[in-house]
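What follows is a single structure, written as structure tokens, with notes after it.
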Amino acid sequence: MFYNQPSPAQSTTSLSENDDDELLNQSNFYEPVVSSPATWSSRLHAIPSTARQPPHSPASHLPPEILINILKHLHAPRDIHSTLLVSRAWCECSVELLWHKPTIADFNTLFKIMQVLSREDRSFTYAQFIRRLNLLSVGSNMADNVFARLSQCTRLERITLVGCSALSDDVIARTLPFFPNLVAIDLSGVESVTDRTVLALADNCHNLQGINLLGCKKVTSVSVRALAENCPLLRRVKLSGLVELTNESVSELAIKSSLLLEVDLNGCKKISDQAVRDVWTHSVNMREMRLSQCTELTDTAFPAPPNPREPPASGLNPFPNSAASKVTALDLPPLRLPRTFEHLRMLDLTNCLNITDDAVEGIVQFAPRIRNLVLSKCNQLTDRAVESICMLGKHLHYLHLGHASAITDRSVKTLARACTRLRYIDLANCNLLTDMSVFELASLPKLRRIGLVRVSNLTDEAIYALGDRHATLERVHLSYCDQITVMAIHFLLQKLHKLNHLSLTGVPTFRRQELQQFCRTPPTDFNTTQRAQFCVYSGDGVVKLRRYLMDLFNSITEIVPTDGEDESVDGEGFRVYDDMDVED
Amino acid sequence: MPTIVSVDDSTVPGEGSSRLLLLVSSDNKHIVVEEDIMSRSRFISKQVEGFEATSQRHAILLPFSSFVLNKVIEYCSHYRGYYLLEDDPDAAPPGRSPVREWDQEFLDVDRNMLLRIIKAAHYLEIKSLVGSCARAIADMIRGKTTEEMREILGVENDFTPEEEHSPSSKCTG
């Protein structure tokens, strides 16, 4: 005892904080889990050097709980390091904070840490203090023999192995059993991972809450089912690109993991309606569901609207290809849910080609608080889908309807008036839309990003309307809107001072060397024609283009005699530079 | 450790909506305070629950001076009836907030007083006050060297010379 006043206050003993929001490799607030002082590793250290009287200062006998509370407000590792040497009691309290989440900037740092861990004469068992490891920066330099030595860190709770592509499945599967307290693991891009590694997790890490297996193509349903069976706390499960994954494993996850908050099945091409129905039926806490490129999905995968419509007579349906979905649907009854999905905020159905307006109607009915809705390339959708989406009202912030080529100005007008908090909208390739849609969207007070690629009816009038959103607009995509003139863009740039991205690829008036000089370099995999058309301005490029066009504009107006009005400020943002070049 | 003594019913009226508590400091000052002011203290709340179980009310003896106790009561009175993010002071939005500004002013006291307040708050289990004091103390030592930290808080170096030069303390943070 280093303090003489035992307190009735109990230390909290919970080691893994209840993880709610950010889970995998998020650098959230420093949240130390340390709640008690560390013990010295050798007996020699543990005996106080002299049995002298405690000094009079009140700080010399602060209870360790208080000391830890103070130290955890010192976020900088350098400060924590300074506290380490203050006194034995301070050392006991700060050493664990220092090692809790070592920052690994590169392979060298990792190497030094491994050296300290293996020293015989160390004062503490440092490996036991490490709760979080992020090896992203080591990446492909991470070798099997180094990784195997991490097995000393038996209290590890979170590990990020993103891009550690040189690791073998064997060493990962043999090391993970040493981490029984593991709460989150990110194996994105560690392609060697097979069912063996995932089974090792399922068998040993029963507290697992988050797993990311992005691109671990060899993993199959066998091990994902075992995870579902053994890890009841699973909340975030990212299985993007697990092409072998089949329905049963996803159904099992939905049924067994009642806490599931987030599921990512992007590109799991074998997944079909039954699995997604089970998610809707069982995962009532779901917040984010990503199902992009799950091309097998049909309307049957989604909740049926409560008031089923009469099946449209074929004569009424102006888009005959929407009958295609009926062919692939199995004999599943319409999905009727007893309750709404109040927590769903994010749904990505990119390229789920078979879904129709009915699916959207059912989804919106049962998940009324969706914030991000991605329906890009769902090309059967019509105005009716957009009208359903309007029911999300102010909850909707982000909407992607690219390639919903049947939608018209009528529904976009309703949308802009219903979903007034939209920040991001993409209507690329909705080529029936006209300036009318943009007039409506330009009134959205929070609009930050608008995508209008290949909405080829648009004229300069639409661009002038966008100028109204000068307080918020940051990104504007106008590629292949081929009627747009340089003058309109000049106007837009003067108005939109927050703009940091402007794409004008394929706009004929911008295929000029003097305008393209400020745009980004085209991606290397573009061919010559594509390179010639490429015209995307971002960051500094936007600033330079704005400046260039302004100078150009000023030089033109100067030639026209205007009653000595050479240095005026015209409305907001029209600043006239003194040093402009006068061109002929 | 505090002991609990019975007091006269006349000293602590048990009727009415705002019942009173008698707190006795280590310098034997008797301080009467309304019960709901002190409900922020888990320690006091537990004591009061105990009273309810035995239907007897007592004075609560506390192991710190009336000077410190009054300061704690001032804090509790200020936040009477407010919800504070006391379970997770770090979750409070960083930067300026009315709570932080008032607390900073309130805790603008000398080092020994600050340490006494944090110990009292810890004893009384008032998480939000412990958190605010801890933040104030951390602010005092942030960016300082080890020796400066010892000086600021009056901590004695009890490492042996060998330990102090031990390379094991060198680690990459």
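Nothing in this text is a laboratory measurement; each read-out follows from the coordinates by a stated rule. As the structure is a computational prediction, the values presented were derived from the model and not from experiment. Note: ideal-geometry Cβ built from the backbone for every residue, glycine included; neighbour counts use all protein chains shown.
If the cut-off is 29 Å between C-alpha atoms, which lysines fall inside it for B:Lys29, apart from same-chain ones fewer than 8 positions away? B:Lys29 reaches B:Lys46, B:Lys71, B:Lys119, B:Lys127.
For the stretch A:203-217, the residues whose backbone nitrogen is under 18 Å from a point 7 Å from the Cα of A:Glu191, taken along Cα to Cβ, are A:213-217.
Going by neighbour counts of Cβ atoms within 10 Å, the residues A:Trp99, B:Trp102, A:Trp40, A:Trp280 line up, fewest first, as B:Trp102, A:Trp40, A:Trp280, A:Trp99. Listed by chain and number, the lysines whose alpha-carbon sits under 17 Å from that of A:Lys377, ignoring those within fewer than 8 places in the same chain, are A:Lys269. Inter-chain Cβ neighbour count for A:71-80, averaged per residue, equals 5 (cutoff 10 Å, partner chain atoms only). Exposure proxy shown here: for A:Met391, A:Met142, the number of other Cβ atoms within 10 Å sets the order, fewest to most, as A:Met391, A:Met142. Residue by residue along A:83-93, Cβ atoms of other protein chains within 10 Å of the local Cβ number 6 on average. A straight Cα-to-Cα reach below 20 Å connects A:Lys256 with the lysines A:Lys238, residues fewer than 8 places away in its own chain not being considered. For the listed peptides A:109-117, A:332-340, a ranking on the average number of other beta carbons within 10 Å per residue, highest first, reads A:109-117, A:332-340. Taking the average, over residues, of other Cβ atoms within 10 Å as the packing measure, peptides A:350-360, A:524-534 rank A:350-360, A:524-534 from highest down. To the nearest 0.05, how large is the calculated FRET efficiency for A:Arg512 and A:His343 if R₀ is 51 Å and r is the Cβ-Cβ distance? Computed FRET efficiency for A:Arg512 and A:His343 comes out at 0.50.
Put simply, when A:452-463, B:71-82 are sorted by average Cβ atoms within 10 angstrom per residue, most first, you get A:452-463, B:71-82. Classify the stretch A:331-421: rounded, prolate or oblate, from the alpha-carbon gyration tensor (a ≥ b ≥ c, eigenvalue square roots; a/c under 1.5 rounded; otherwise prolate if a/b is larger than b/c)? Because a/c hits 1.5 or more and a/b fails to exceed b/c, the stretch A:331-421 counts as oblate. Summary value for the stretch A:362-501: 18 percent relative contact order, contacts being C-alpha pairs under 8 angstrom separated by 6+ residues. Extension gain, B:Gln56 to B:Tyr82: 0.36 nm times the residue separation minus the Cα-Cα distance gives 6.5 nm.
Let me know the mean shielding of B:37-45 by other chains, meaning the per-residue number of their Cβ atoms within 10 Å of its Cβ.
1
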